[in-house]
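None of the figures in this text is laboratory data; all of them are computed from the coordinates on show. The model shown is predicted, which means the values in this text are computed figures rather than measured ones. Here the Cβ positions follow ideal geometry from the backbone for every residue, glycine too, while neighbour counts run over all protein chains shown.
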Ligand code: GRF
C-alpha cells in the first residue's frame, strides 16, 4: 500500500493482514517528525530495511504540543504526513492522538516494532512493551543518529547570524578596486560587508558604482584645496565611517592624505592600495615614475596607512614585469589587474588577523 494521505488504523490493520498472507512483514515506528532532518531520513530508511513495508505512526498536533510544549509542532500534522509520505522509505502514515501507541499497536499488530537508539527495551513504556509481547512483535532498537535533532535546528535558527566585519571604502576616481572588493564579497572570497563608499569627488565613478550596488554612497566636500583634505572634511569622513559601523577603512584610489581624527579612530585598520612595489615610487605618479626609471619590474602594494605618504607597514605585494614596449596605459592596466586580485585577498587576511584572539603578551614578573 502506497498512499498519498494518512490511513486509518483499520486500513492499516487490513493492509498488515494482506502483507502477512503474502509472507511479508510490516515495520511500525512512531514519532513527531516535525522538521525533517538527515537523522530522521536515515532512521526511517533503516527501519524500512528491517522488513518489507513501513508504517509511521505520526503524533497528532495536540499530542506533539503535550509532549514538546506550546511552540511545537512547527508544521501541521497534515504537512508532516505529506513530507513523510514523500520519502521512499515510508509506505504509509497513520496519525494518532494518544500519548502512547498502545491502542494503535493492538489494532495494527505490526510484525516489527522499530524505535530510535535513545530507547532500550527496558525503557519502553510497560504498556507498550506488554502489547508488543502480546501481539508477538519483534522489537528492534535502531542506532541513534547523533547530533541531529529538530531542537538543535530550531535553536540554530533562533540565534542571530554572526556579525560581518564592515568595510568603508574611500576613493576619488574610477572605483575598479571597489568593484573587485564587492565582487569578492559576492563570491564569498571575502567575509565582510560593504558599509559605505565615500568620495571627495562628487562626480567620481566609484560613487556611481556604489549606488548601482545599493551601497550608501557619500560625497564629502574636501574644501577649497586641490590636493589637501581640510580639517572639516577629515572630521566628516571620520564621523561617516563611524556612523556606518565601519571596522576597516580601505583607501582605493583616494587621492588625499588622511589625518586626525581618522588615523587615531581607525588605528591599524586603514589600508591603501598603491601601484608600485613600495618603498619604490611612492606618491601620485608611481606608474609613470617606474617607467621613467626603466626598472624591469614594478607591481602593487597593500599597506597600512600611517601619517606619511605611502609609508605604512606593507601587508602584501604583487609583482608586475615592465615590458620593453610598455606605455603608461598598458603597464597601468596590468598593474590594475594585479591590484584587483591582491587587494581583496589582503583585506581578508587582515580581517582574519584582526578577529583572531590576541595572544597575551608575556609578563616578565612571575606570579
Ligand atoms: C589604483 O591604481 C590604486 O593603486 C591607486 O589608484 C588607483 C585606483 O583605481 N591608489 P580604481 O579607482 O580603484 O579603479
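Per the Debye calculation on segment 138-296 with a single equal scatterer at every Cα and no solvent contribution, log₁₀ I(q)/I(0) for q = 0.19, 0.21 Å⁻¹ amounts to -1.22, -1.38. May I ask for the angle, rounded to the nearest 10°, between helix 176-186 and the longest principal axis of the chain, with both axes built from Cα atoms and the value confined to 0 to 90°? The answer is roughly 10 degrees.
Helix 126-135 and the longest principal axis of the C-alpha atoms of the chain enclose an angle of approximately 60°.
Using a Gaussian network model of the chain whose springs link C-alpha atoms within less than 10 Å, name the residue from 70, 313, 296 with the highest mean-square fluctuation. Highest fluctuation among the options: 70.
For the options 169, 196, 56, a Gaussian network treatment of the chain with springs between C-alpha atoms closer than 10 Å singles out 56 as fluctuating the most. In this simple spin-label approximation, residue 243 and residue 333 carry label points 7 Å from Cα along the Cα→Cβ vector, and these lie 4.0 nm apart. Under a GNM of the chain (C-alpha, springs under 10 Å), which listed residue has the highest mean-square fluctuation: 336, 40, 274? Of 336, 40, 274, the most mobile in the Gaussian network model is 40. Considering helices alone, the calculated mean residue ellipticity of the chain at 222 nm is -11500 deg cm²/dmol, with DSSP H runs of length four and up weighted by -39500 (n - 2.57) and normalised per residue. Please figure out what share of the DSSP beta bridges in the chain is antiparallel and state it in percent, rounded to the nearest 5. Roughly 25 percent of the beta bridges in the chain run antiparallel, per DSSP.
Kindly state, to the nearest 0.05, the FRET efficiency for residue 25 paired with residue 62, given R0 = 35 Å and r defined as their beta-carbon distance. Once rounded, the FRET efficiency stands at 0.65. Two numbers describe the Cα atoms of segment 1-104: Rg and Dmax, which are 13.3, 44 Å.
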